[in-house]
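The values are calculated or read from the model by the stated rules, or taken from the named source; none is laboratory data. What you see is a predicted model, and the numbers here were worked out from it, not measured in a lab. Ideal geometry is used to build each Cβ from the backbone, glycine not excepted, and the neighbour counts take in all protein chains shown. In case anyone asks, the SASA skips ligands and DNA or RNA and just uses the protein heavy atoms, side chains included. Shrake-Rupley method; radii C 1.70, N 1.55, O 1.52, S 1.80 Å.
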Number of protein chains: 2
Amino acid sequence: MFEYEIIARQGRARAGVFHTPHGNLPTPVFAPVGTQAVVKTLTPAQLGELGASLVLANTYHLYLRPGDELVAEMGGLHTFMHWPRPLLTDSGGFQVFSLAQTRKVDDEGVTFKSHVDGSTHRFTPEKSIAIQENLGADIIMAFDECADPNDHTYIPKAMERTHRWAERCLAAKRRADQALFGILQGGVNPDLRAASAKFISSLLFPGIAIGGLSVGETKAETYAMLKLVNGILPEDKPRYLMGVGTPEDLIEGVRRGVDIFDCVLPTRLARHHAAFSLEGRLNLMNATFARDKRPIDETCTCYTCQTFSRAYLRHLIAAKELLAGTLLSIHNLHALIKLVNDIRVSIMDGAFENKVPDWLAQWKGNANK
Amino acid sequence: MFEYEIIARQGRARAGVFHTPHGNLPTPVFAPVGTQAVVKTLTPAQLGELGASLVLANTYHLYLRPGDELVAEMGGLHTFMHWPRPLLTDSGGFQVFSLAQTRKVDDEGVTFKSHVDGSTHRFTPEKSIAIQENLGADIIMAFDECADPNDHTYIPKAMERTHRWAERCLAAKRRADQALFGILQGGVNPDLRAASAKFISSLLFPGIAIGGLSVGETKAETYAMLKLVNGILPEDKPRYLMGVGTPEDLIEGVRRGVDIFDCVLPTRLARHHAAFSLEGRLNLMNATFARDKRPIDETCTCYTCQTFSRAYLRHLIAAKELLAGTLLSIHNLHALIKLVNDIRVSIMDGAFENKVPDWLAQWKGNANK
């Protein structure tokens, strides 16, 4: 269990299989985000049809609502949300730092107020693991502190704290059917990133996440840090780049040795009427689509593109029909899942590096987050 | 085409098949409402899975947005919304009288202001038919005037006007691939109802709708009027009770000779967190369901009941996740479609009348609109 098998490589890019209690996870993989135990607007049947293999759920949100103990009582997250394939939960740390109303961090943990009702709560590494054990995902994450990438004074302090918390998470973990991933930090400082990669690699984690990227630094800095840490991380463990990303980010991430990605972007764009396409990102609210009989993307095989015109999608949006969000979510998720699947096949065929320039050109108009 | 074949009878109840350009429609049938060319929150794939055979769309809404000419240009309503089975459009009359901001009716037609943007429009019988020919449903409706059932002075006037408009609709109709149904009115006055049933029956309509019921009169009045008019209407044409209804209404309607029903109730209840069940109508927002592992209805075979607990549905509602509306719509529509299918089978088996008391008892807690 939790063995990571690399079946093909090209340069730094890897195609592999991660073995989990809910089946084999082919990598590279893009995970849709199901923050509140649901990928917004989609049934698990629809998610399955579009080929999703790994879904992420948020510990912070589920702890607050409906509560991790309730989820455990209902049989765990897989049963509760009816997702039969692998699940991943984050540690809650990122949301405490980004969503909670107020927060106070000390070496023991973080005290914060709920964004839902203002009630006071405290997360520690041990508490985060206990919650994630109640939720029961296949992959769980160490509790870390993600600092502002431009706060160069604070970054070393947050990194040190993240290292101590990583050790405490490992010590607190009880369940054998969950893989606990360590998270490295270090901002955009090469020395700190290298130190963090080495330290987290030295602990007994079956997988390692690269935290604190895509949070405000430049693309050049992201890519430099990815290259640096993936030169240090062990080859035989999956590498997870948290909260990323755009089609371009996925291509550039795999190229630098990343295996697992997750991002709210496809479903968030869908709620804002935007769709990935080879013509660049389309906003389907635009009146130019009112009489457009074409699908979002004529080359796309998703249910939405095989079934509906841009004119119909535009009508649903203009008429404030919620089905628009469902149909755009299907398309956007399909686009990223298919891109990552195509990347995987190309790594196995030895064609990946040759295809990168074309892919980057094709997806150029979809680059911004 | 548009032949109505009765294959079994029990008392006044009939099981039949109505032949349309988009396939045979078994009756009795319950039609989900797709006001704006979408049954709210559901894909046509989901609608198909739950066994829907006829969908209603609203002429008033589609005329205003996206416009009937646009729908025609996109290939008609079947193509636009990707519904391959029979479609029905109403005449727009009911919405003009219930939704439009201001309206002025005369013998020629109705002038009204759009509820969307306040712009001024005019519907006449000829205009309603022209719009419905652009939309292209299999069954289209005559333009009528639905009066307040308690306004006994105005009812005869509205009925007379409805009769003149029925003749004008027949004269205006051009397309041979659409069945135009007449609508009878007459409030809750037996003499007027009988006169209207006779007059509308005398015109060359392939089907007849019973309008102006379930709009504020008592249940006893509704049933009395149904019994009366169905004793007059020709046996060889389908009878459509517009805007009805609850499980009880369907049972009582079939019992009095009705073949076709439509109602927004299942999808509207879903948006208000309510579900049909044999325990009576459930409001799944209720905290008593927070840890309830049972499905909405343990005897139900819909996707929602086969997949999710009440606890999960309650969580989705509390967390304001839109998927709750989708899942409750699936369940509520499935419940009514299955009830009507069961009724059909029981008419063919000669068991309908024996089953009525049990069905009425089972569905009792779901009676109110």
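Once the C-beta distance of A:S98 and A:A45 is scaled by a Förster radius of 35 Å, the resulting FRET efficiency is 0.65 to the nearest 0.05. Ranking B:D177, A:D249, A:D117 by solvent-accessible area of protein heavy atoms (1.4 Å probe, all protein chains present), from largest to smallest, gives A:D117, B:D177, A:D249. The long axis of helix B:352-362 is offset from the longest Cα principal axis of chain B by roughly 60 degrees. Think of a 1.4 Å ball rolled over the protein heavy atoms: chain A then has 36 Å² of accessible area per residue.
Under a 5 Å amide H cut-off, with hydrogens placed 1.01 Å from N, A:F181 pairs with A:I140, A:M141, A:A142 among residues at least 5 apart or on other chains. With 50 Å² as the minimum drop in accessible area between chain alone and full protein complex (1.4 Å probe), the qualifying residues in the range A:303-349 are A:Y303, A:Y312, A:H315, A:E321, A:L322, A:L323.
Across the alpha-carbon set of the range B:247-297, the Rg to Rh ratio works out to 1.09, Rh being the Kirkwood radius. Hey, if you drop one equal point scatterer on each alpha-carbon of the range A:318-369 and run the Debye formula without solvent, what base-10 log of I(q)/I(0) do you get at q = 0.16 Å⁻¹? For the range A:318-369, the Cα-only Debye profile gives -0.61.
For the chain pair B and A, the buried solvent-accessible surface (1.4 Å probe, both sides summed) amounts to about 3400 Å². Once neighbouring chains are kept in place and the probe is 1.4 Å, which whole percent of the accessible area of the range A:203-350 is contributed by carbon and sulfur? C and S fraction of accessible area: 54 percent.
When Lys and Arg each count +1 and Asp and Glu each count -1, what net charge do the other residues less than 14 Å away from A:V258, Cβ to Cβ, add up to? Around A:V258, the surrounding residues sum to +3. Relative to the other identical copies, A:S119 shows label-point distances of 5.0 nm, where the label point lies 7 Å from Cα along the Cβ direction and values run shortest first. In the range B:29-47, burial by the other protein chains removes 50 Å² or more of 1.4 Å probe accessible surface, compared with the chain on its own, from B:Q36, B:V38, B:T41, B:T43. When the inverse distances between all different Cα atoms of the range B:1-91 are averaged and flipped, the Kirkwood radius reads 14.2 angstrom.
From a point 7 Å beyond the Cα of A:R122 in the direction of its Cβ, which residues of the range A:130-163 have a backbone N at a distance under 16 Å? Under cut-off, by backbone N: A:130-131.
For the pair A:R291 and A:V17, label points projected 7 Å from Cα toward Cβ lie 5.4 nm apart. Its residue count N sets the reference 2.2 N^0.38 Å, and the alpha-carbon radius of gyration of the range B:109-197 equals 1.18 times that reference. In the protein assembly as shown, the calculated helix contribution to ellipticity at 222 nm averages -12000 deg cm²/dmol per residue, counting -39,500 (n - 2.57) for every DSSP H run with n ≥ 4.
Taking all Cα-Cα distances within the protein assembly as shown, those exceeding 51 Å account for 25%.
Expressed as a whole percent, the accessible surface of the range B:106-146 that belongs to carbon and sulfur atoms is 47, based on a 1.4 Å probe.
Between copies, the label points at B:G280 (set 7 angstrom from Cα along Cα-to-Cβ) are spaced 5.9 nm, reported in nanometres from shortest to longest. The 3J(HN,Hα) values that the Karplus relation (6.51, -1.76, 1.60; θ = phi - 60°) gives for the range B:233-238 are, in residue order, 4, x, 5, 8, 10, x Hz. Gly and Pro appear as x. Backbone amide hydrogens, once placed in the peptide plane, bring A:L322 within less than 5 Å of B:T41, excluding anything fewer than 5 places away on its chain. Exposure check, 1.4 Å probe, all protein chains in place: A:D148 carries approximately 80 Å² of accessible surface.
Under a straight-distance cross-link criterion of Cα-Cα below 17 Å, which aspartates and glutamates are reachable from B:K355, leaving out those fewer than 8 residues away in the same chain? Correct list for B:K355: B:E248, B:D249, B:E252, B:D342.
Pairs over the 31 Å Cα-Cα cut-off, from the set B:K104/B:K237; A:K40/A:K293; B:K293/B:K320; A:K157/B:K320; B:K127/B:K219; A:K227/A:K338: B:K104/B:K237; A:K157/B:K320; B:K127/B:K219.
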